[in-house]
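Down below is the structure, laid out as structure tokens.
The values are calculated or read from the model by the stated rules, or taken from the named source; none is laboratory data. Please read all numbers here as calculations on a predicted model, not as lab measurements. With ideal geometry, Cβ positions are generated from the backbone for all residues, glycine too; neighbour counts draw on all protein chains shown.
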Amino acid sequence: MDRIPILRMGQFLLVTIQVDLYDRLALDLEADLVKMVSKTGAQGILIDISAVSIVDSFMGRIIGNIGTMAKLLDAETVVVGMQPAVAITLVELGLPLQGVFTALNVERGMELLRSRIHTDDDEAIDDDDDNSDDYSE
């Protein structure tokens, strides 16, 4: 049975899609990623689609679903290496990929994930400060 490898790099999961995804493989990737985020406590997912030349509405929805599910599990999702034809197709299909960030390449994607994680950590600290139990006057 085919599987897309998911690599753990510190607090992130890295997926490089090197083949055209048929429906079953895409669904398996979606389920595997969600399980890995839950199991490892990963804070980010980086999906490299630089080898993908064509997407359909199903694949676009899968990427969007991964972003939404990851966000519900407190992880960010970044898609990198999107070819212009893929971007055009996603827009024409009306698939905005909500909850998914994009970057030109893996290096920029990792930088974006790191900045998103630190931004979220800073917001959590600010929220804790706002909710302190300090009742002194």
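Residue by residue, here is whether (1) basic (Lys, Arg); (2) in a helix (DSSP H, G or I); (3) within 16 Å of Gly64 (Cα to Cα); (4) touching a His at 6+ places or on another chain (Cβ under 8 Å) holds:
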site	(1), (2), (3), (4)
Ile4	no, no, no, no
Arg24	yes, yes, no, no
Asp28	no, yes, yes, no
Asp32	no, yes, yes, no
Ser38	no, yes, no, no
Ile45	no, no, yes, no
Ser50	no, no, no, no
Practice task
Of all residues in region 6-22, count the ones that are at pLDDT 95 or above and under 12 Å from Ile66 (Cβ atoms).
Solution key: 3
Handout entry: Extreme residue, surrounded by the most Cβ atoms within 10 Å (Cβ to Cβ), among residues of region 17-44 that are within 18 Å of Arg61 (Cα to Cα) and in contact with an Asp or Glu (Cβ under 7 Å, 6 or more places away or on another chain)
Key = Ile17
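Checking the condition in contact with a strand residue (DSSP E or B) (Cβ under 6 Å, 6 or more places away or on another chain), more than 19 Å from Thr102 (Cβ to Cβ) and without any contact (Cβ under 8 Å) to a residue 12 or more places away in the chain, which residue from Leu7, Leu72 passes? Outline the logic, then answer.
Details: Leu72 fails: in contact with a strand residue (DSSP E or B) (Cβ under 6 Å, 6 or more places away or on another chain).
Of Leu7, Leu72, the one residue that is in contact with a strand residue (DSSP E or B) (Cβ under 6 Å, 6 or more places away or on another chain), more than 19 Å from Thr102 (Cβ to Cβ) and without any contact (Cβ under 8 Å) to a residue 12 or more places away in the chain is Leu7.
Only residues that are more than 20 Å from Ala42 (Cβ to Cβ) and either buried (at least 20 other Cβ atoms within 10 Å of the Cβ) or not charged (D, E, K, R) (or both): list them for region 59-80, please.
Applying the first criterion (more than 20 Å from Ala42 (Cβ to Cβ)) to region 59-80 yields 59-61.
Residues satisfying the conditions are Met59, Gly60.
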Problem - Residues (under 21 Å from His118 (Cβ atoms), touching a helix residue (DSSP H, G or I) at 6+ places or on another chain (Cβ under 9 Å) and of a type in the set (Ser, Thr, Tyr)) located in region 39-87 - result: Thr77
